[in-house]
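Worksheet for the structure shown next.
Rule-based calculations on the coordinates, nothing more; no lab input. Small disclaimer: the values here were computed from a predicted structure and weren't measured. Methodologically, a virtual Cβ is constructed for each residue, glycine included, from the backbone with ideal geometry; neighbour enumeration extends over all protein chains shown.
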Amino acid sequence: MQPRQEEFALAVKIRLARHGAKKAPYYRIVVADAHARRDGRFIEQVGTYNPNTDPSTIKIDQEKVAQWIAQGAQPTDVVKKLIDAAKEA
């Protein structure tokens with residue numbers, strides 16, 4: 001018998017995944033297992049961040065982020081700053 005997913009707490013992080021060309025990065029804000037690679041497997045994409053535009057472009061689905069935080073996902077320090085910046089804009 002397989003254990004159900006709800007029975008185990010996973011170490012879940014909300015973090016950045018780097019994409020784009022060399023010296024021209026853009027980032028996806030993703031919900032991922034803490035043990036997964038930075039640009040590897042993720043559970044869900046909740047936003048994007050492009051530091052190359054002026055001003056930087058931040059698009060975040062606040063409802064999804066709030067849902068994941070309520071379920072125990074921990075945002076990284078950088079993502080916390082981006083969430084706060086997106087709320088102000």
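Identify all residues within region 19-38 that are part of a loop (DSSP other than H, G, I, E, B) and loosely packed, with under 14 Cβ neighbours inside 10 Å; write none if there are none.
To start, the set of residues in region 19-38 that are part of a loop (DSSP other than H, G, I, E, B) comprises 22-23, 34-38.
Selection gives LYS22, LYS23, ALA34, HIS35, ARG37, ARG38.
Only one of (1) touching a residue at least 24 places away in the same chain (Cβ under 8 Å); (2) in a strand (DSSP E or B) fails for THR48. Which number is that?
(1)
List every residue pair whose Cβ atoms sit under 7 Å apart, with the two residues 6 or more apart in sequence or on different chains, where the first one lies in region 70-88 and is surrounded by fewer than 19 Cβ atoms within 10 Å (Cβ to Cβ) and the second, anywhere, is basic (Lys, Arg).
Qualifying pairs under 7 Å: GLN74/LYS13; THR76/LYS13; THR76/ARG15.
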